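Note sheet for the following structure.
The values are calculated or read from the model by the stated rules, or taken from the named source; none is laboratory data. Since this is a predicted model, take the numbers as computed values, not measurements. Neighbour counts run over all protein chains shown; Cβ positions are idealised from the backbone, glycine included. These area figures cover heavy atoms from the full protein model, side chains too; ligands, DNA and RNA do not enter into them. Shrake-Rupley method; radii C 1.70, N 1.55, O 1.52, S 1.80 Å.
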Amino acid sequence: MLTGLSALLSHWARHRVQAALLLIGLALATALWTGVQAINAEARASYDRAASALSQDRLPRLVAGRITLADYVALRRAGWPVSPVIEGEATIGGHPLRLIGIEPLTLPPGAAAAGDPGDFLTGGVILSAEPLDDPRARRADLPLGTALTDIGVAAGLLGPDISYLLLTEDRAPPPGYALIHPSTTDLSQLTESFHLNLAAFGYLAFGVGLFIVHSAIGLAFEQRRAMFRTLRALGLSARALTGLLLAELLVFALVAGAAGVALGWLIAAALLPDVAATLRGLYGAGVGSELTLRPVWWLSGLGIAVLGMLASAGQSLWRLWRLPPLTPAQPRAWARESARAMRGQALAGALLLGGAAGLLAVPGLWPGFGVLAGLLLGGAALLPMLMAWLTRVGQRLSRGPVAQWFWADTRQQLPGLSLALMALLLALAANIGVGTMVGSFRSTFTAWIDQRLAADLYVEAADEADAARLLDWLGPGATALPMIRTTDGGTEVVGMVDHPLFRRAWPLLRALPDPWARLDAGDVFVNEQMALRRGLSPGDRVEQGVVAGIYADYGNPMPQVILSFDRHRALYPLPVLRYALITDIPAAAIRAAFPRLVVEDRAAIRRASVAVFERTFAVTAALNVLTLGVAALAMFASLLTLSALRLPQIAPVWAMGLGRGRLAQLEFLRTLALAALVCGLALPLGLALAWVLLAVVNVEAFGWRLPMLLFPGDWLRLGMLSLLAAGLAAALPVRRLARMAPGALLKVFAHER
Amino acid sequence: MLSLTDVCKGYATSEGRVAVLDGVSLSLAAGETLALTGESGSGKSTLLHLCAGLDAPDSGRIEVAGRPMGRSDAERAALRRGTVGLVFQQFNLIPSLDVAANLAFQARLAGRLDPRWLADLVAALDLDPLMARYPEELSGGQQQRVAIGRTLAVRPALVLADEPTGNLDEASGDRVMALMLRLVAETGTALLMVTHSPRLAAALDRRVHLRGGRLTC
């Protein structure tokens, strides 16, 4: 048995590049998959922490313009089951934190935060996820950026006024108070589409990487076919031979898997800060930028490497199992069998595309991703057939014998190259699709935010007294438009005054006639995501009133309702702290006069918003580039391994008078032509992907529908990049051919005997 | 038509340099046919490859059609395109082209396609019913007929054949051989053929034997 194994392994000693490609392919595939898994696992762990530690966020709240200690005591004496919370921004031990002060004794059971209530009462402890440079601080399993303490400590830091009262029983609010319902959605629901998007990219990159593995294994099996036949003839059973090959593959999978997990860790560590910033900016989710090494994660990384290896080698192992001991060695049987399978594959591709078209009729995010998968896999499966047809057209259109041979020979090579070409098609289509989606989103978003940020300055006061002083200070030369917002039952509720500035800044996508007058009269506007999720049209009714208009609200994952300012004040008697200012007074002058005021100018907010947007797609862009890199490597692997099989096809042409230099030029040109054809076919597929992303996935995931814009400059750049990648992939095999000693080509004829 | 003067060729092996051809001299006139025989490994194919310009000698002089063999790959490739035609044991047709394209390939490459001559060859070799087929759809004898047609289509001055019937059964081999000899005679082409078969060698004008890197008659 060991003799058999050493014979099998001797192949790799003589084909080290092939062994390296197999390991690199599987390691890269595993790395991209595990990298994405690590990021998602880290984020989900943060959401779980947030959900378990801050369960008081799930209780209804009573709010009012101002709640004092006396108000709270009065309610308790009147029998109201309320518990006070003081909440605000504070800097503790150098960390800016959301500080929540609770009253442990009145907090209902089950809503208690992390830690023993006794700690709060005796030590004035401040619990936080981060290590704080403060003697009162203690580490706890809390969401990042949040600190929890006793209400007394919070009052000392934030002031004595109570922010809101937790109502521990569901009942109507007392007079003078508004009831705000807790959100029914948690962070993991809100961010599901974001993580699904990342996971889809992880699987795409994994699939593209497996093309390299499949290609390398297929070739290694084919090259060893004569050896297998000999081993069988010498008495090794099919079972033993298959077992030995399985053991060999398992060793490869574990080595590549370990390397892939390590590489995945590095990728995740590099991408996590951007992902964390995106999740914070887009969803307000606190996710740490440091990775935790979880056994489940690295074990699943090794597991997926083994599974990937078995999936890639399955067909070859099955063929070996069925190989009669005296089957003649056929070096090109693998390619011929692939060519025969082309028609069946094309049929499967057409069925997948048909299935994807059918899934368009099914609403939901998962069917949306199903359409994407169907498009990608169907397009890839159809590629060899389309390429064969295109090369046939090329042959028919060419006149010279070399050109005709060029196209005919290219078609002959398709079975051996098709996996690499499919990998390239997937990577290019994903790039075009995601690029178009991001580009369309960017153009729409920047135009929208320029319109939305119509005021000169945006200010937020610490309390109403500060706000009042500001309004006095500004005088009649400035216009201050109050802005008020609260969250009720998972819906943002905004109060808005009717002013030309807001009319300009809130263009309506669809509306009833005279919508702003209707808003003043008690109707509401809803954002596009709320309208889409709940199937609302102008004229429909929601809890707050009749929908008079629907507006675009890009970047906001929450449903939002706009009421008239006065109605909002009546429903939610909250302090008015935020204002949009139309003024010539510079921000610096206001900051100097009111140091406690948060003052932001239009440009700063725009910069911050665009930065959040760019970060959101930084990870996608990085994964895009990595996937393209893996596809280029798949092409290199195929060209390098095929170059050894090419000699019997090239040698006769060389013998007939086509020099090695010319043949090398033609080989190079062939690779570029194949890459160019794949680029041409990737364009419609990529645009179809973009359409699905914009019209189906985005609508389902975020609730906004964007116009699809085209960016031919980007396609050209991507096309040049893929030609460059193909050229680089072809460079080594072509250089080998150009410098090949005549003796190597003569061996083809010498081997005839 | 072909002249070799004191040609030497050797190969480096793990046990040092091995001389395959050791001062070989040979000449072949236009229209003459010559059989080159020898045991396996005696250097027959090496000699043929040198005559075709597929490889370069270590020393000595080779002339084809009165012109010395060029040193550069491009010069030797040009020679193969027009002046010299090769017929291989394994046929070496281009698998991606059909029979019609294979037949015309070398002549078109040399810029010498004569459709009338090609049609004559097709008729003589009885290839008409096979024109749309691909090499993998042909028998060995059919493939060799196509290979001979491809070589003669260019009207070469010299045909170099390396065991052209080595892969065929005796009856097919005889048929192919008879055809090739007839066409060579009709066109006045010189033929140097490597063969193991004394019977085939006897059908040619002359015969030389290669042993120990030297030619004997």
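Can you name every residue in the stretch B:49-103 that is within 12 Å of chain A (Cβ to nearest Cβ), hydroxyl-bearing (Ser, Thr, Tyr) and open to solvent by 30 Å² or more (accessible area, probe 1.4 Å)? Of everything in the stretch B:49-103, those that are within 12 Å of chain A (Cβ to nearest Cβ), hydroxyl-bearing (Ser, Thr, Tyr) and open to solvent by 30 Å² or more (accessible area, probe 1.4 Å) turn out to be B:SER72, B:THR83. Candidates in the stretch B:160-188 are the residues that are aliphatic (A, V, I, L, M) and in contact (Cβ under 8 Å) with a residue 40 or more places away in the chain; of these, the one that is nearest to the other protein chains (Cβ to nearest Cβ) is B:LEU160. Exactly one residue out of A:ALA589, A:ALA593, A:ALA570, A:ALA618 is under 24 Å from A:ARG442 (Cβ atoms) and open to solvent by 30 Å² or more (accessible area, probe 1.4 Å): that is A:ALA618. Is there a residue in the stretch B:58-68 that is among the polar types (S, T, N, Q) and within 24 Å of B:MET180 (Cβ to Cβ)? Checking the stretch B:58-68: not a single residue is among the polar types (S, T, N, Q) and within 24 Å of B:MET180 (Cβ to Cβ).
In the stretch A:341-355, the residues that are among the polar types (S, T, N, Q) reach residues that are crowded, with 19+ Cβ neighbours inside 10 Å and at pLDDT below 95 with C-beta atoms within less than 7 angstrom, at least six apart or across chains, in these pairs: A:GLN345/A:ALA381; A:GLN345/A:PRO384. Scanning the stretch A:701-713 for residues that are surrounded by fewer than 19 Cβ atoms within 10 Å (Cβ to Cβ) and either in contact (Cβ under 8 Å) with a residue 40 or more places away in the chain or closer than 17 Å to A:ALA200 by Cα (or both) yields A:ARG705, A:PRO707, A:MET708, A:LEU709, A:LEU710, A:PHE711.
Examine the stretch A:390-406 for a residue that is touching a helix residue (DSSP H, G or I) at 6+ places or on another chain (Cβ under 8 Å), assigned to a helix (DSSP H, G or I) and among the aromatic types (Phe, Trp, Tyr), and state whether such a residue exists. Yes, the stretch A:390-406 contains a residue that is touching a helix residue (DSSP H, G or I) at 6+ places or on another chain (Cβ under 8 Å), assigned to a helix (DSSP H, G or I) and among the aromatic types (Phe, Trp, Tyr). Only one of the listed residues (B:GLY140, B:GLY111) is open to solvent by 20 Å² or more (accessible area, probe 1.4 Å), within 23 Å of B:CYS51 (Cα to Cα) and within 14 Å of chain A (Cβ to nearest Cβ). That residue is B:GLY111.
Among the residues of the stretch A:462-507, those identified as surrounded by fewer than 19 Cβ atoms within 10 Å (Cβ to Cβ) and among the hydroxyl-bearing types (Ser, Thr, Tyr) are A:THR479, A:THR486, A:THR487. If you go through the stretch A:596-618 one residue at a time, do you hit one that is more than 26 Å from A:ALA517 (Cβ to Cβ), over 36 Å from the mean Cα position of the chain (by Cα) and in a loop (DSSP other than H, G, I, E, B)? Yes, the conditions are met somewhere in the stretch A:596-618. The residue list A:GLY522, A:GLY477 contains one member that is assigned to a loop (DSSP other than H, G, I, E, B) and free of Cβ contacts under 8 Å to residues at least 60 places away in the same chain, which is A:GLY522. For A:LEU536, the stated conditions hold: it is outside any helix (DSSP H, G or I) and of a type in the set (A, V, I, L, M). Counting only residues that are of a type outside the set (Phe, Trp, Tyr), buried (at least 19 other Cβ atoms within 10 Å of the Cβ) and touching a residue at least 12 places away in the same chain (Cβ under 8 Å), the stretch A:653-664 holds 6 of them.
Could you tell me whether any residue of the stretch A:663-671 is part of a helix (DSSP H, G or I), away from chain B (no Cβ under 14 Å) and among the hydrophobic types (A, V, I, L, M, F, W, C)? So far as the stretch A:663-671 goes, yes, one or more of its residues are part of a helix (DSSP H, G or I), away from chain B (no Cβ under 14 Å) and among the hydrophobic types (A, V, I, L, M, F, W, C). Quick check on the stretch A:322-330. Is at least one of its residues modelled with pLDDT under 85, within 14 Å of another protein chain (Cβ to nearest Cβ) and not in a helix (DSSP H, G or I)? Yes, the conditions are met somewhere in the stretch A:322-330. Taking the criterion of being touching a residue at least 60 places away in the same chain (Cβ under 8 Å) and either open to solvent by 40 Å² or more (accessible area, probe 1.4 Å) or under 25 Å from A:GLU614 (Cβ atoms) (or both), the residues of the stretch A:528-558 that qualify are A:GLU528, A:GLN529, A:LEU532, A:ARG533, A:ALA552, A:ASP553, A:TYR554, A:GLY555, A:ASN556, A:PRO557, A:MET558.
Would you say A:GLY686 is open to solvent by less than 50 Å² (accessible area, probe 1.4 Å), free of Cβ contacts under 8 Å to residues at least 12 places away in the same chain and assigned to a helix (DSSP H, G or I)? Here the answer is no, as A:GLY686 does not meet what is asked.
Looking at the structure I just gave you, is B:ALA35 open to solvent by less than 10 Å² (accessible area, probe 1.4 Å) and facing chain A (nearest Cβ under 10 Å)? No: the conditions fail for B:ALA35. Is there a residue in the stretch A:427-436 that is open to solvent by less than 30 Å² (accessible area, probe 1.4 Å), hydrophobic (A, V, I, L, M, F, W, C), within 24 Å of A:PRO733 (Cα to Cα) and away from chain B (no Cβ under 14 Å)? Yes, the stretch A:427-436 has at least one match.
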